[in-house]
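What follows is a set of notes on a single structure, which appears directly below.
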Amino acid sequence: MRADEKKLGEYYANPPEDISLANVDLGRIPRHVSIIMDGNGRWAQARGLDRSEGHVAGVDSLREAVTTSVRLGLDVLSVYAFSTENWCRPQHEVNLLMHLFATTLLNELPLFHQENVRLRFFGDIDALPTETAEAFHEGLRETADHTGMTFALAVNYGSRAEIARAAREVAQDVALGTLRSEDIDEKAISSRLYTADLPDPELLIRTSGEMRLSNYLLWQLAYTEFYVTPVMWPDFSRWDFLRAVRAFQGRHRRFGGVVEH
Ligand code: FPP
């Protein structure tokens, strides 16, 4: 997908001092960017607010990240919204997040229609509370015909569980005789992951300064460039996105080989 440069210029008008559209090569935008959205709670606590206010503010950042990704011409934006480990947060916070996911998804459907965005989920969404699971399925149905960017939300997602699930499917196929054990290769695994048919992320952004993967896309991030910013997720803007892309374009990707100059 190529960015519509005129629209993009308007979107990126009035740049701050350190970054502008001129700092990135629009011909080398990563196809798939993935984001670990972190720091909502700390953002809220620093302002004397309840943690939930941080999650609510985080929705605005997420909307901007989707719009930015469409404008830049990404093929895939994926975000880590809720891990299998997040269930051990206080019950009222879990309830709030589940309700926020449901309402946000439905509220944003007009944006997904307008921008031709197709939804996808990583994780076991059928194990979510009914309101959330139903909203997600409605989102899938409503955007199934869209042909633009894929927007993937990782919800109730854990990478080790995902890989174990793929291994289980492989074992079942071998037992059924539809797959020979000598034919088990990387594709046999990757085609059974939630990310099947999507390109691996080229750039992973993590906000709030944490340097961890937190059980996220362990298989798919094998050669991904990481960009960690101290910015808390509710403050993450289109400019921070551009800073991440600039950093990505300054890297020499080697895929285990030698540096090309
Ligand atoms: C991490 O901050 C953020 C989350 C666990 C939730 C992210 C959810 C949103 C931004 C709402 C998005 C809506 C949809 C539809 C996906 P944290 O609570 O871990 O912050 P902390 O590290 O400061 O405690």
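The values are calculated or read from the model by the stated rules, or taken from the named source; none is laboratory data. In this text, all values refer to a predicted model and were calculated from it rather than measured experimentally. Cβ sites come from the backbone with ideal geometry, for glycine too, and all protein chains shown count toward neighbours. Surface areas here come from the heavy atoms of the whole protein model, side chains and all, with no ligands, DNA or RNA. Shrake-Rupley method; radii C 1.70, N 1.55, O 1.52, S 1.80 Å.
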Exercise. Which condition breaks for ASN23 when tested against (1) among the polar types (S, T, N, Q); (2) over 17 Å from LEU242 (Cβ atoms); (3) surrounded by fewer than 16 Cβ atoms within 10 Å (Cβ to Cβ)?
Worked result: (2)
Problem set entry | region 102-118 residues that are of a type in the set (D, E, K, R), paired with ones that are more than 14 Å from the ligand (Cβ to nearest atom) (beta carbon under 7 Å, 6 or more apart) | GLU115/VAL70; GLU115/GLY148; ARG118/HIS146; ARG118/GLY148; ARG118/THR150
Seminar exercise, completed: Residue count, region 141-159, condition more than 11 Å from the ligand (Cβ to nearest atom) and open to solvent by 10 Å² or more (accessible area, probe 1.4 Å), comes to 9
Exercise. So SER181 clears everything in (1) more than 16 Å from the ligand (Cβ to nearest atom); (2) touching a residue at least 40 places away in the same chain (Cβ under 8 Å); (3) not β-branched (Val, Ile, Thr) except one condition, right? Which one?
Worked result: (2)
For this session: Go through (1) away from the ligand (no atom under 12 Å from the Cβ); (2) more than 30 Å from ARG192 (Cβ to Cβ); (3) surrounded by 17 or more Cβ atoms within 10 Å (Cβ to Cβ) one by one and return the number of the condition TRP43 breaks.
Result: (1)
Problem set entry | Condition check for PHE112: closer than 21 Å to LEU72 by Cα and either assigned to a helix (DSSP H, G or I) or within 16 Å of the ligand (Cβ to nearest atom) (or both) | yes
For this session: Considering only region 67-84, state which residues are within 10 Å of the ligand (Cβ to nearest atom) and either in contact with a helix residue (DSSP H, G or I) (Cβ under 8 Å, 6 or more places away or on another chain) or part of a helix (DSSP H, G or I) (or both).
Result: VAL79, ALA81, PHE82
Problem set entry | Count - residues of region 46-66 that are touching a residue at least 60 places away in the same chain (Cβ under 8 Å), more than 9 Å from the ligand (Cβ to nearest atom) and surrounded by 17 or more Cβ atoms within 10 Å (Cβ to Cβ) | 2
For this session: Please indicate, with yes or no, whether at least one residue in region 127-137 is within 16 Å of the chain's Cα centre (by Cα) and either surrounded by fewer than 16 Cβ atoms within 10 Å (Cβ to Cβ) or among the hydrophobic types (A, V, I, L, M, F, W, C) (or both).
Result: yes
Seminar exercise, completed: The one condition GLU10 fails out of (1) within 16 Å of the ligand (Cβ to nearest atom); (2) in a helix (DSSP H, G or I); (3) open to solvent by 40 Å² or more (accessible area, probe 1.4 Å); (4) not hydrophobic (A, V, I, L, M, F, W, C) is (1)
